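Peer 1: Okay, handing you the structure first.
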Amino acid sequence: MTATSAAALPATTDAAPAARRWAAPLWVGALLIILAFLVIYPLLMLFFGAISDSNPVIDGFGKFNPSLTHFIAVLGNENVRLAFFNALVACGGGTILAVVIGLAFSWIVVRTNTPFKGFIAGASMIPLFVPPLVAGVAWSILGSPKTGLLNTALKWMGIDFRFDFYSMSGLILVFGFYYAPYVYMFTASALRNMDPSLEEASEVSGASAFTTLFTVTFPLIAPAILAGSLLSFVVMLGIYGIPAALGAPANISVLTTYIFKLTAWSPPLYNTAAAVAILLMAVTAIFVWAQQRVLSGRSFATVAGKAFRPRSLNLGPWRWFTFSLAIAYLFIVVVLPTIALVIAAFRRFLFFKDFDAVFDMKAYSWVHFNSIFDNPLTMVSIWNTMKVGLITAVVGGVLAFAIGYTINRTNVAGRKSIDLLSTIPVAIPGLVVGVAYLWAWIGLPGGLYGTIWILALAFVARFIPDTVKSLSTSFMQIHKELEEAAWICGRGLLSTIATIMVPLARPGIIASMTLLFVLAVRELGSSLFLYTSDTTVMAVLLLDYYEGGNVGKTAAFSLVQTVILGVLLGITTWLSRGSAESTARAG
Amino acid sequence: MSAALLIEDLVKKFGTGKAAVDGVSFDVPAGEIVVLLGPSGCGKTTTLRCVAGLEHPTGGRISIGGRVVSEPERGVLVSPRERDIGMVFQSYAVWPHMTVHQNVAYPLKYRRKNTSGSGDIESKVRETLELVGLGEYAQRPVTSLSGGQMQRVALARSLVYRPQLLLLDEPLSNLDSKLRIRLRDELRRILKMTGMTGLYVTHDQSEAVVLGDRIGVMKDGKLLQMAPPGEIYNRPADSFVANFTGASNVLKGKVLERKGEQAIIDLGAAGRIEAWTPQPLVAGDKARVALRAENIRLGERGPANSFTGRVTERRYQGMQTIYDVEFGDQKVEVLELGTAARHNDGEIALTLPPDTCWAYRDDGQATVD
Ligand SMILES: Nc1ncnc2c1ncn2[C@@H]1O[C@H](COP(=O)(O)OP(=O)(O)OP(=O)(O)O)[C@@H](O)[C@H]1O
Ligand SMILES: [Mg+2]
């Protein structure tokens, strides 16, 4: 960071004994090797796969016939272009909807006196935690053109309209609704930090509230809107579960579902999958880069220097209108899908002769739950998921701590490279990580492929940027002086870390590890390519049930997964609330 | 013509707790500038925002140009954009995503009663920018301007459409002190040139004196006195007003007798003192006499209120000298202008002209600052 921290670091002082002098380069080297192993090697293999036409399973490891012609042929392929086009339309449309919803929500929560604002703000974050496949499953139960519950309801009401969520518009709607919180997070904080007199000046000048919104408010938070929409676009682009559930029945492939389709063919087209994965990664990288540019740019909204009271518009009776808008949103993204899953999971058959049949208790039973737990794979998958989650949390947490400490607290040569390597995965969608790990290990006999370690390491690589970032924030809160005081007391570096840093940063470490655990449990994209029947995980098994076509079992297992995630999230929030308190005490 | 602004018994309460503005009444005749002066948190900004319509009053009535714009009892609440007012904010509130020209042209573009053509807009903007001395900056992005220049843009923006009433909330307090003094004088010149009616809020008394045709002193949501600056400074209605405007010496004593506005106060060992009082004091009341350090005359024996005291300390400040003087068991600070310190430590004559000694009932309150 600064020159003083370099001078203060025992490992880099001239007077240090030889062993100490070698410690820093060895440490940096070790970290670089680990990161190269986790990130660079799989990516290289992915690139080789994309530009060769040898099959790693048949031809063995290390046989390449590198040539760009294959890659170019793939990019020219009509199906690839169609999937690319579909992905842009679905994610673009979804982003536009997400911006509309996210902006409306942030305005309601930050700028109005809508009742129960706090509750609305909290509850509107729920969609972020819903696994995409569960959302997709729920909406296919609700909105499938023939048997969808919504359509059944419309029929009873004698309304001639039918929903069809197995369509591009269905995909856009579900994307937009579930990823609006990403836009909301950015715009809400921008609005909150905006000097309210900027808007008041416009009103006093004679502009209407509407004009003010479009000539002052929105232009001022434009960077936040842009950053939020770029992020939600990138996230949608990498999602597999929703297009798999809603697009597949209508034969709409996006990049992610197309890549998986390629590896599921027999024989699997691993090379083509790698080439398309690189295309997906390139698009993602461009958008991530653009988003970082926007975020690092100057923000208009913080020009004013004075602290201010946030402005709250008195909407009068209209505040119940904005309240009902918010409730309608929560109903659509949380309540309705939950009802759908519960009905589908507990009903023997998802057929309703009339409206009263909904309340016919004889039609409900535990049969689907019994049948999923009769399947030995169910318990295996739950057990595997927990194991993978635990390994990911521990390995990822320790690695992220080492990286975060080295980047933020030392001035050793090579820490910039560590920073760079550990940031690369932000631009790699989960599914691409999966394909890259597949290429890295499938041809190696006796390697990781087929073990749960490959899943865990892929997850560690995928989530390392987020983990390092969240840990770095907790490092920032610990004063450098606390550490220096320990050195002055004659403690060595390692002992200082063990006695000062770890205890002080412990709440942050625990929070990061539990978050890592939750992320690993809900990850589907990268697992798709890496599981075997022994190492299947919950998310993958859910996809199996869905593709097997049994709605009852799918819904039942969705509920099981949701409950497990809910419990884990509850524990996480509980742990990190404790951490917030003790950080406040320590800081 | 009726008053440009009339405020009657304005009350504003936020949630629970005591009123931020508590029964304030005053008027601003057309063409006059009224300054609200008071310590932090006394309700100046709240009053101003009620006038602007940015805050909804709890009670009372506000009329602008003879039209009632706020009267909660009758459910009247005209929105800010229909009040025909201009407002300059403490934080400038110039829009950073626009150029100087766009900022100033904005009100002309978006006002409802927009009758001017685009050529008209152009000339009005240019004229107003010339007025505030920013003629050459029209095409600059506002973010490239200095704080003082931004505040001029904000002023131009609120003047460009010639509103009936201009509201200014501590427009100079974000500027450094030199610039503040320059812009203060310029502001008065511009406002007088345009003949604007203004309500100006500040906690800086020098600003209030220079800018205000009348000054209203506020405390805890109440308007204590509303008068021309000379009267505020020479006939403060209340010990808070006296103290807030700089009468830092307080002598405690008992009222001996009162004749009209004349009171005799017994200061104990120091003797008795003649003072002016605006309050109906009666003999036996506890009283405090306020007087300004610059109004005491050292080394002079006047016809009344002259005492013999002792200089205990002398603080030379270059342009002025401050003396700590004791007489009887009373202590005062005396300020003399001039680069020479004329008096030495030791015994000295002093005169406290009765006109500049103001007696108030001693209600046991602490003084500000
Ligand atoms: N929106 C609000 N909600 C609650 N209380 C408020 C609000 N605005 C002002 N107050 C309270 O009302 C009182 C008067 O505030 P006001 O801003 O009018 O003071 P002021 O005289 O302008 O002070 P300053 O010189 O510090 O700007 C203060 O006690 C303040 O805390
Ligand atoms: Mg104020």
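Where a number appears in this text, it was derived from the coordinates with a stated rule and is not lab data. Since the structure is predicted, the reported quantities are computational estimates derived from the model, not experimental observations. As a convention, Cβ positions derive from the backbone with ideal geometry for all residues, glycine included, and neighbour counts pool all protein chains shown.
Peer 1: Could you tell me whether the range A:231-271 comes out rounded, prolate or oblate from its Cα gyration tensor? Rule is a ≥ b ≥ c as square roots of the eigenvalues, rounded for a/c under 1.5, then prolate if a/b exceeds b/c, otherwise oblate.
Peer 2: Judged from the Cα gyration tensor, the range A:231-271 comes out oblate (a/c at least 1.5, b/c at or above a/b).
Peer 1: With the contact rule set at Cα under 8 Å and sequence spacing of 6 or more, what percent relative contact order holds for the range B:247-305?
Peer 2: Once divided by the residue count of the range B:247-305, the mean separation gives 40 percent.
Peer 1: If you don't mind, there's one more thing I want to ask. For the protein assembly as shown, just the Cα atoms, rotate onto the principal axes and tell me the three extents in Å, largest first.
Peer 2: 119, 85, 60
Peer 1: Report the number of Lys pairs in chain A whose alpha-carbons are under 27 Å apart, with separation of 8 or more residues or on distinct chains.
Peer 2: 19
Peer 1: Taking only Cα atoms, what is the 0 to 90° angle, nearest 10, from helix B:147-159's long axis to the longest principal axis of chain B?
Peer 2: Its long axis makes an angle of about 70 degrees.
Peer 1: Name the long-range amide H neighbours of B:Q262: under 5 Å, sequence gap of 5 or more, or other chain; modelled H, no Pro or chain starts.
Peer 2: Excluding prolines and chain starts, which carry no amide H, the hits are B:T277.
Peer 1: Another question, if that's okay. With a cut-off of at most 13 other beta carbons within 10 Å, and DSSP calling the residue loop, which chymotrypsin sites (Phe, Trp or Tyr not before Pro) in the range A:359-468 qualify? Please list them.
Peer 2: A:W366
Peer 1: From other protein chains only, count the Cβ atoms within 10 Å of every residue's Cβ in B:92-101, then give the mean.
Peer 2: Going residue by residue through B:92-101 and averaging, the value is 6.
Peer 1: Oh, and also: For a quick check: sort A:M185, B:M218, A:M361, A:M476 by the number of other beta carbons within 10 angstrom, fewest at the front.
Peer 2: Arranged by neighbour count, lowest to highest, A:M185, B:M218, A:M361, A:M476 become A:M361, A:M476, A:M185, B:M218.
Peer 1: Something else: Summarise the partner chain shielding of A:207-213 as one whole number: the mean count of Cβ atoms from other chains within 10 Å of each residue's Cβ.
Peer 2: 3
Peer 1: Which percent, nearest 5, of DSSP beta bridges in chain B are antiparallel?
Peer 2: If I count the DSSP bridges inside chain B, around 80 percent turn out antiparallel.
Peer 1: For chain A, what is the calculated [θ] at 222 nm in deg cm²/dmol (nearest 500), taking -39500 (n - 2.57) for each run of four or more DSSP H residues and dividing by its residue count?
Peer 2: Rounded to the nearest 500, the figure is -22000 deg cm²/dmol.
Peer 1: To continue, here is another question. So what's the angle, to the nearest 10 degrees on a 0 to 90 scale, between helix B:177-194 and the longest Cα principal axis of chain B?
Peer 2: 60 degrees
Peer 1: At A:F214 and B:T339, where each label point lies 7 Å from the Cα along Cα→Cβ, what is the point-to-point distance in nanometres?
Peer 2: Distance between label points: 6.5 nm.
Peer 1: Kindly put A:T338, A:T562, A:T217 in sequence by how many other C-beta atoms sit within 10 Å of each C-beta, fewest to most.
Peer 2: Ordered from fewest to most neighbouring Cβ atoms within 10 Å, A:T338, A:T562, A:T217 come out as A:T338, A:T562, A:T217.
Peer 1: So which helices of chain A fit the span-like rule, where a helix is a whole DSSP H run, its Cα atoms reach 20 Å or more along the axis, and its mean Kyte-Doolittle is at least 1.0?
Peer 2: Flagged H segments are A:18-35, A:78-111, A:168-192, A:222-238, A:270-296, A:376-409, A:452-476, A:502-522.
Peer 1: Under the √(5λ) rule applied to the eigenvalues of the Cα gyration tensor, what semi-axes describe the equivalent ellipsoid of the range A:292-436? Give them in Å, descending.
Peer 2: 45, 35, 13
Peer 1: Just give me a number: lysine pairs in the range B:1-125, eight or more positions apart or cross-chain, with C-alpha atoms less than 18 Å apart.
Peer 2: Going through the range B:1-125 pair by pair, I get 5.
Peer 1: Could you work out how far helix B:118-131 tilts from the main Cα principal axis of chain B, as a 0 to 90 degree angle to the nearest 10?
Peer 2: Approximately 20 degrees, to the nearest 10.
Peer 1: Tell me whether the range B:239-361 comes out rounded, prolate or oblate; compute the Cα gyration tensor, take square roots of the eigenvalues as a ≥ b ≥ c, and use a/c under 1.5 as the rounded threshold.
Peer 2: Prolate.
Peer 1: Across peptide A:419-428, what mean number of C-beta atoms from other chains lies inside 10 Å of a residue's C-beta?
Peer 2: 0
Peer 1: So for chain A, averaging the separation of alpha carbon pairs under 8 Å that are six or more residues apart and normalising by length, what relative contact order in percent results?
Peer 2: 21 percent
Peer 1: Continuing with the same structure: Could you work out the local net charge near A:F463, counting Lys and Arg as +1, Asp and Glu as -1, over the other residues with Cβ closer than 13 Å to its Cβ?
Peer 2: It works out to a net charge of +1.
Peer 1: Follow-up question, since we're still on this one. Which loop-located chymotrypsin sites (Phe, Trp or Tyr not before Pro) does the range A:145-195 contain, where loop means any DSSP state but H, G, I, E or B and the Cβ has at most 11 other Cβ atoms within 10 Å?
Peer 2: Passing both the DSSP loop test and the Cβ count: A:F161.
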